[in-house]
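Reviewing the structure listed below.
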Amino acid sequence: MERVLAVPPPRAGTAVVTAAVAAAHGWREGRLAPVTFEDGRTRRLRVAAVVDDSMPYQVFLPRDLVRAHDPSALADVAFRTESAPTRLPARLGAEEISVEAYAALDDAEEDRLVRLFTLILVAVSAGYTAIAVASTLLTATAGRVRDVRVLRLSGATPRQVSLALAAETCCVVSLGAALGLAVATPALLGTVYGLRQQLGMPVELSVAWPWGIGAVAGCLLLGTTATVLPARTALRRMRRV
């Protein structure tokens, strides 16, 4: 832990430097000094004070000035020991929380990022799957005009033909979902077992069933639409003929 500095914060447009820096650059107290920041811009700041070289930092700048040129230059979190002052200065604009609260906030942020990443991954995978299902069924249904004609000649109504094709689509999507679950289950169980052995702690399998069911339902809806619409178009053509 670094010790707390007893140097007052410099005001806007000023800087506090150590004696070594002042001697190396020829800076004097009350004079203007050119300072180049991380973004390449140079500002002329007035040297407010020259302090002893025992300080761990060589140049002290106003917080707002540093943030304006390099937002990542200052730390977002500072840790203090029990011997430090119990209250932080109001000018820092910081909020003091306990170690438990900070750990909970950190875990909550990590969980949020994991959920967001999982949602993006599922959305991309489900989107490509839906496109594949729709294109396959659309092509297959367009090539089954002869089967639709046979159903119509055998006495089936247009509604019955659409229901038959929709039932086939439901069977195909349900079978695909079942096979996907059967393939993924051993991998998930193996991952859970490996984590238990590595961590030495109980790890439970957690599956986002609402998202999975929603993906299957979306594929089912899209597949049914891609099957029924071409069939109805073919039935209309038959009526005209």
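The values are calculated or read from the model by the stated rules, or taken from the named source; none is laboratory data. Everything quoted here is computed from the prediction, not taken from an experiment. Neighbour counts are summed over all protein chains in view; Cβ atoms, including those assigned to glycine, are modelled from backbone coordinates with ideal geometry.
For GLY26, the criteria (1) at pLDDT below 75; (2) on the phi > 0 side of the Ramachandran plot hold in every case but one, which is (1).
Among the strands (runs of 3 or more DSSP E) confined to the range 10-57, the ones with at least 3 residues that are buried (at least 18 other Cβ atoms within 10 Å of the Cβ) are located at 14-18, 42-51. Hey, does the range 151-163 have a residue that's under 30 Å from VAL114 (Cα atoms), charged (D, E, K, R) and in the same structural domain as VAL114 (by TED's automatic domain parsing)? No, there is no match, as no residue in the range 151-163 is under 30 Å from VAL114 (Cα atoms), charged (D, E, K, R) and in the same structural domain as VAL114 (by TED's automatic domain parsing).
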